[in-house]
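Data first, discussion second: the structure below is written as structure tokens.
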Amino acid sequence: MIKIGMVVEVPENPKELLKFEKKVKILYELGYDGVDLNIRDPTIIDREKIWNILSRYEMEVGSILTGKAFSIDKLSLTDPDESVRKKALKRIKDHISLATYFSAIVLIGWIRGNWQGSDYSRKLFIESLRECSREAENKGVKLGIEPINRHEIDSINTICEAIKLLKEANLPNTGIIADTYHMGLEEEEPIYESIIKCKDYLLHIHIADSDRKIPGEGNLPLKEFFEVLKKIGYQGFVSVELPSSFDLLHTAKKSIEYINKCLNLT
């Protein structure tokens, strides 16, 4: 069964947990199955309180996002500075530890860094990925590489590039997190054809329409995309990822109505 989720930022200030709970409650009441947690540093959040909130509303955690480690703290697994790489590795391992607590997938996106076409950067990433994968495998956690469009990062922009790297790295607990927004910018064929290529690696999906619009309000062929997901027997989460500045109630309601319609649930 396909589950429906939404990316939600986790506050570092415990005083803001009430706002977080209100968001979770809204999603629960709209019929969402879970959330993806956007977390900068797992060591400074109160995981027990987060767990209690999610349990209260019977919400699962689909994936844990790690991008803020790169965008805010400038940590990268391929940074020329070894001390920065070690900090990035430590951060991902902290995310893995948290993922064990929530039975979630850890997303590897921006934190892989910009490679500028360097084979050495690619080598560094594979080495780091293997170390993270060993840590994750020991804790029963899966890692998901998310292809991201070239305007945001210069490494692993397409589904095919992600598959090529995974074949080279040969890591049994690492797969792909596909994002329809990035796919729409990078894939040469329609996104519903691209997703078939990675069906054996597909762990999780982030969904947004073109220009990061609410699903159904852009020009991506999302109805066909969902038809293909059903045909290939995808059983994981489809998590809506929209700008945090959007009104949550409006975007969450519109998104789940559209997705349910595509899944023939309404």
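Given the conditions (1) within 19 Å of the chain's Cα centre (by Cα); (2) of a type in the set (S, T, N, Q); (3) surrounded by fewer than 16 Cβ atoms within 10 Å (Cβ to Cβ), report the number of the one that residue 83 does not fulfil. Looking at each condition in turn, residue 83 falls short on (1). Every residue in the range 1-23 that is open to solvent by 70 Å² or more (accessible area, probe 1.4 Å) and closer than 20 Å to residue 58 by Cα, please. Selection gives 1, 9, 18, 19, 22, 23.
Scan the range 7-29 for residues that are part of a helix (DSSP H, G or I) and not charged (D, E, K, R) and jot them down. 14, 17, 18, 20, 24, 26, 27, 28 - these are the residues of the range 7-29 that are part of a helix (DSSP H, G or I) and not charged (D, E, K, R). Just one of the listed residues (77, 37) is closer than 21 Å to residue 103 by Cβ, of a type in the set (A, V, I, L, M, F, W, C) and in contact with a helix residue (DSSP H, G or I) (Cβ under 9 Å, 6 or more places away or on another chain), namely 37. Scanning the range 68-90 for residues that are in a loop (DSSP other than H, G, I, E, B) and under 13 Å from residue 10 (Cβ atoms) yields a count of 0. Sort out which residues of the range 58-80 are in contact (Cβ under 8 Å) with a residue 24 or more places away in the chain and open to solvent by 30 Å² or more (accessible area, probe 1.4 Å), and write them in order of number. Within the range 58-80, 58, 60, 68, 70, 71, 72, 73, 79 meet the criteria.
When the range 24-40 is limited to residues that are over 16 Å from the mean Cα position of the chain (by Cα) and among the charged types (D, E, K, R), the one that is most open to solvent (accessible area, probe 1.4 Å) turns out to be 29. So, residue 99, is that one outside any strand (DSSP E or B), aliphatic (A, V, I, L, M) and touching an Asp or Glu at 6+ places or on another chain (Cβ under 9 Å) or not? When the stated conditions are applied, residue 99 does not pass them.
Pairs meeting the criteria (first residue in the range 152-178 and touching a residue at least 60 places away in the same chain (Cβ under 8 Å) and under 20 Å from residue 137 (Cα atoms), second residue among the acidic types (Asp, Glu) and assigned to a loop (DSSP other than H, G, I, E, B), beta carbons under 6 Å, at least 6 apart or on different chains) are 177/146. Of the residues making up the range 103-125, those that are open to solvent by less than 10 Å² (accessible area, probe 1.4 Å) and in a helix (DSSP H, G or I) number 3.
Filtering the range 206-218 for residues that are buried (at least 20 other Cβ atoms within 10 Å of the Cβ) and outside any loop (DSSP other than H, G, I, E, B) leaves a non-empty set.
If you go through the range 219-251 and keep only what is assigned to a loop (DSSP other than H, G, I, E, B), at pLDDT 95 or above and among the hydroxyl-bearing types (Ser, Thr, Tyr), you end up with just 234.
Reported count of residues in the range 220-241, each being buried (at least 21 other Cβ atoms within 10 Å of the Cβ) and in contact with a helix residue (DSSP H, G or I) (Cβ under 6 Å, 6 or more places away or on another chain), is 4.
Quick check, is residue 53 open to solvent by less than 70 Å² (accessible area, probe 1.4 Å) and more than 18 Å from residue 145 (Cβ to Cβ)? It is true that residue 53 is open to solvent by less than 70 Å² (accessible area, probe 1.4 Å) and more than 18 Å from residue 145 (Cβ to Cβ).
Restricting the range 86-102 to residues that are more than 14 Å from the chain's Cα centre (by Cα) and of a type in the set (A, V, I, L, M) leaves a set whose member that is most open to solvent (accessible area, probe 1.4 Å) is 89.
The values are calculated or read from the model by the stated rules, or taken from the named source; none is laboratory data. Small disclaimer: the values here were computed from a predicted structure and weren't measured. Glycine also receives a Cβ, built like all others from the backbone with ideal geometry; neighbour counts cover every protein chain displayed. Note: areas computed on protein heavy atoms with side chains; ligands, DNA, RNA excluded. Shrake-Rupley method; radii C 1.70, N 1.55, O 1.52, S 1.80 Å.
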